[in-house]
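Reviewing the structure listed below.
No lab work stands behind these numbers, since they all come straight from the coordinates. Keep in mind the model is a prediction, meaning the values are calculated, not measured. A quick note on method: Cβ atoms are made from the backbone with ideal geometry, for glycine too, and the neighbour counts reach across all protein chains shown.
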Amino acid sequence: MTPEDEQIIRARQKSRSLITGLILGFLAILFFAITLAKIGASHSI
């Protein structure tokens with residue numbers, strides 16, 4: 001494998017890991033928001 005090929009592969013891995021991290025962060029925030037909404041809804045009953 002040439003150094004150019006390795007550089008392309010590393011760039012793809014970096015972008016893929018960045019996207020995965022962003023998705024995981026979004027899911028964590030989403031679950032937190034859902035939890036807060038459920039707690040708020042149960043408090044008002």
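If R0 is 30 Å, the Cβ-Cβ spacing of ILE39 and GLU6 corresponds to a FRET efficiency of close to 0.05.
Restricted to Cα atoms, the chain shows a radius of gyration and a Dmax of 19.5, 65 angstrom.
Each residue of segment 8-20 was assigned a 3J(HN,Hα) from its phi angle through the Karplus curve 6.51 cos²θ - 1.76 cosθ + 1.60 (θ = phi - 60°); the sequence is 5, 5, 4, 5, 5, 4, 5, 5, 5, 5, 5, 5, 4 Hz, with glycine and proline shown as x.
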